[in-house]
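Engineer: Quick one: structure below, then a few questions.
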Amino acid sequence: MAAPLVLVLLVAVTVRAVLFRSSLAGLISERVEVASPLNAWKRVVEGLALLDLGVSPYSGDVFHETPLIIYLFHFLIDYAELVFMITDMLTAVALYLAVQDYNKVTFKKQKLLIELDKYAPDAAELIRTPMEMYYIPLKVALFYLLNPYTVMSCVAKSTCAINNTVIAFFILATIKGSALLSAVFLALATYQSLYPLTLFAPAVLYLLQRQFIPVKMKSKGFWLYTTQYAALYLGSLVVIICLSFFLLNSWDFIPSVYGFILSVPDLTPNVGLFWYFFAEMFEHFSLFFVCVFQINVFFYTIPLSVKLKEHPIFFMFVQLAIISIFKSYPTVGDIALYMAFLPLWSHLYQFLRNVFILSCVLIVCSLLFPVLWHLWIYAGSANSNFYYAITLTFNVGQILLISDYFYAFLQREYYLTHGIYLIRKDRTDTTHPLKSLGNMV
């Protein structure tokens, strides 16, 4: 499996190197779908210019990245293209290793449940085999590296690529069962963009499973382990924030980074839901609705924790999708990260209802983004309503896609436990739900 992965990495590096040397690089870096006010490369360059002049990069309203990012590129600015290519490669390798280890754990768990007769006798066709799981890690790496969203983020030198790398290493550390590294990388991810805080719940649930600690509110082991992980996470976050303070000798970065994320003062168009809504809103209503929109990202964590407590990795996948849809300054790079996990759920394809239609919606919307932007900004024959309409359609498509996967996952788990064949109350007939669905269609 190492040789195909190396081949994929070489192809991905070649594609990125060619695009970096082409005239498309400048065009891609200006796209609002790829770079936001939070992670645009030109803002990093302006922040570096201020830092070189001895001025705080947070003194104006231009730079909103974290201090560690600006000091990273303070030393590596001449190798920026190489840095972004390496981060993409590292992300893909981390996802590959994480999925590989997760498949091993899943297969062992599945084997144990079969031995304990936890699965229905007629659910044998839903059991996953090692052969069908063998190529999934490679497919995940392929989906990430050759996804146009990922390629564009790398070529635009959006710092979203670095955020994805940190989250990928967090997922790898969690699946490997390392509580310390998981907490450290989660703290780094939270430090970078705040919203990964919601990944705390699936991480704890998975680590509890690894330690065979029951997820029960009355269990002392549950609360002890959760407290230990929370202490590691908060301790790592405090250390990182203090390090940022010592680098700058100022706390200016806190309102400039986290205040900027939460208050959404820059209403530059992007692929998110915030910009148009707040551009049209009266000022005295904005604070209330900013709170409502921001709470939306965190709101789903508790119900998902209850419903998916036995399946924390799927929970993590859903939470990553929620973050990429509902965060204040999303880009296509955020979407690429959760889409890389779609091959991991290939066993759900037979339960998906609208995957083809929704895939077409996402592709068409991606193609229409630059068209409607040109009609609005350059041709003047359209307005912001057109661009926001396609943005709204794009996000609705993502929500429906994730809902489809969520429903399919729950449906498969139900059939594994209760059986595929539905028996009537009079016990006279049985029907196969998948075949019945096919006949209806």
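Engineer: Is there a pair in 111/220; 216/307; 111/307; 216/327; 111/139; 118/139 whose C-alpha atoms are over 20 Å apart, and which pairs would that be? Walk me through the numbers on the way to the answer.
Structural biologist: Details: 111/220 29 Å; 216/307 14 Å; 111/307 23 Å; 216/327 31 Å; 111/139 24 Å; 118/139 30 Å.
Going by Cα-Cα distance, 111/220; 111/307; 216/327; 111/139; 118/139 fall outside the 20 Å limit.
Engineer: Would you work out the charge dipole size for region 273-401 about its Cα centre, treating the Cβ of every Lys and Arg as +1 and the Cβ of every Asp and Glu as -1, and quote it to the nearest 20 debye? Numbers along the way, then the final one.
Structural biologist: Numbers: 4 positive and 4 negative charges, 64 e Å.
Dipole size: approximately 300 debye.
Engineer: Another one. Measuring from the lowest to the highest alpha carbon on each principal axis, how far does the chain reach, largest first, in angstroms?
Structural biologist: 79, 55, 54
Engineer: Quick one: which of 195-207, 122-134 comes out on top by average Cβ neighbours within 10 Å, and what's the full order, highest first?
Structural biologist: Numbers: 195-207: 22.5, 122-134: 12.8.
Going from most to least packed, we get 195-207, 122-134.
Engineer: What's the extension gain from residue 410 to residue 212 if we count 0.36 nm per residue and subtract their Cα-Cα distance?
Structural biologist: Working: separation 198, 0.36 × 198 = 71.28 nm, distance 2.29 nm.
69.0 nm is the gain from fully extending residue 410 to residue 212.
Engineer: If you take the square roots of the eigenvalues of the alpha-carbon gyration tensor of region 304-358 and sort them as a ≥ b ≥ c, do you get rounded (a/c under 1.5), prolate (a/b over b/c) or oblate?
Structural biologist: Judged from the Cα gyration tensor, region 304-358 comes out oblate (a/c at least 1.5, b/c at or above a/b).
Engineer: Same structure, new question: Between residue 124 and residue 219, what length comes free when the chain is fully extended (0.36 nm per residue of separation minus the Cα-Cα distance, one decimal in nm)? Could you put the intermediate results ahead of the total?
Structural biologist: Numbers: separation 95, 0.36 × 95 = 34.20 nm, distance 3.44 nm.
Computed gain between residue 124 and residue 219 is 30.8 nm.
Engineer: Quick one: check the C-alpha center-to-center distance for region 120-135 versus region 239-275, whole angstrom.
Structural biologist: Comparing the Cα centres of region 120-135 and region 239-275, I get a distance of 46 Å.
Engineer: GNM on the chain, C-alpha springs below 10 Å: top fluctuator among 263, 384, 219?
Structural biologist: Result: 219 has the largest fluctuation of those listed.
Engineer: How big is the accessible area of residue 360 in square angstrom, nearest 10, if you roll a 1.4 angstrom probe over the protein chains?
Structural biologist: 50 Å²
Engineer: How big is region 124-214 on each of its three principal axes, counting only the C-alpha atoms and giving the largest first in Å?
Structural biologist: In descending order, the Cα extents are 46, 30, 17 Å.
Engineer: If each of residue 284 and residue 375 carries a label point 7 Å out from its Cα toward its Cβ, how far apart are those two points in nm?
Structural biologist: Going by the 7 Å Cα→Cβ label model, 3.7 nm.
Engineer: Anyone know which of 36, 193, 178 comes out most mobile in the 10 Å Cα GNM of the chain?
Structural biologist: Answer for the Gaussian network model of the chain: 178.
Engineer: A further question follows. Put a dot 7 Å past each Cα toward the Cβ at residue 300 and residue 75; how far apart are the dots in nm?
Structural biologist: Using points 7 Å along Cα→Cβ, the separation is 3.9 nm.
Engineer: Which one of 318, 399, 9 has its Cα pushed farthest toward the positive end of the charge dipole of the chain, where Lys and Arg give +1 and Asp and Glu give -1 at the Cβ?
Structural biologist: 318
Engineer: Quick check: the angle from helix 160-176's long axis to the longest principal axis of the chain, C-alpha only, nearest 10 degrees?
Structural biologist: 30 degrees
Engineer: Another question, if that's okay. How large is Rg/Rh for region 1-111, to two decimals, with Cα atoms and a Kirkwood Rh?
Structural biologist: On the way: Rg = 18.6 Å, Rh = 16.8 Å.
On the Cα set of region 1-111, Rg over Rh gives 1.11.
Engineer: Given the options 71, 417, 181, identify the residue whose Cα lies farthest towards the positive end of the charge dipole of the chain (+1 on Cβ of Lys, Arg; -1 on Cβ of Asp, Glu).
Structural biologist: Highest projection toward the positive end goes to 417.
Engineer: For residue 49 and residue 249, FRET efficiency with R0 = 22 Å and r from the beta-carbon atoms, rounded to 0.05? Mind showing how you got there, number by number?
Structural biologist: Numbers: r = 19 Å, r/R0 = 0.87.
Approximately 0.70, to the nearest 0.05.
Engineer: A follow-up question, please. Sorted from largest to smallest, which semi-axis lengths in Å does the alpha carbon gyration tensor of region 147-263 give for its equivalent ellipsoid, taking the root of 5 times each eigenvalue? Intermediate values should be presented prior to the final figure.
Structural biologist: Details: eigenvalues 161, 76, 27 Å².
Semi-axes (√(5λ), whole Å): 28, 19, 12.
Engineer: For 210, 412, 43, give me the order by solvent-accessible area with a 1.4 Å probe, most accessible first, ignoring ligands, DNA and RNA. Intermediate results must be reported in sequence, preceding the final value.
Structural biologist: Details: 210 85, 412 15, 43 50 Å².
Greatest to least solvent exposure: 210, 43, 412.
Engineer: Here's another thing I want to ask about it. Could you give the size of the charge dipole of region 154-277 about its Cα centre, using +1 on the Cβ of each K and R and -1 on the Cβ of each D and E, expressed in debye and rounded to the nearest 20?
Structural biologist: Numbers: 6 positive and 2 negative charges, 126 e Å.
Roughly 600 debye for region 154-277.
Engineer: Give me the percent of accessible area attributable to carbon and sulfur for the chain, probe 1.4 angstrom.
Structural biologist: Numbers: 14580 of 20940 Å².
Of the solvent-accessible surface of the chain, carbon and sulfur hold 70 percent.
Engineer: Related question: Relative to the longest principal axis of the chain, what angle (0 to 90°, nearest 10) does the C-alpha long axis of helix 179-193 take?
Structural biologist: 50 degrees
Engineer: Once the whole set of protein chains is in place, how much accessible area is left on residue 109, using a 1.4 Å probe, in Å² to the nearest 10?
Structural biologist: That residue has around 90 Å² of solvent-accessible surface.
Engineer: Rounding to the nearest 10 and keeping the result within 0 to 90°, find how far the Cα-based axis of helix 312-326 lies from the longest principal axis of the chain.
Structural biologist: Compared with the principal axis, the helix lies near 40 degrees.
The values are calculated or read from the model by the stated rules, or taken from the named source; none is laboratory data. The shown structure was predicted, so the numbers you read here are calculated from the model rather than taken from an experiment. Ideal geometry is used to build each Cβ from the backbone, glycine not excepted, and the neighbour counts take in all protein chains shown. For accessibility, only protein heavy atoms count, side chains too; no ligands or nucleic acids. Shrake-Rupley method; radii C 1.70, N 1.55, O 1.52, S 1.80 Å.
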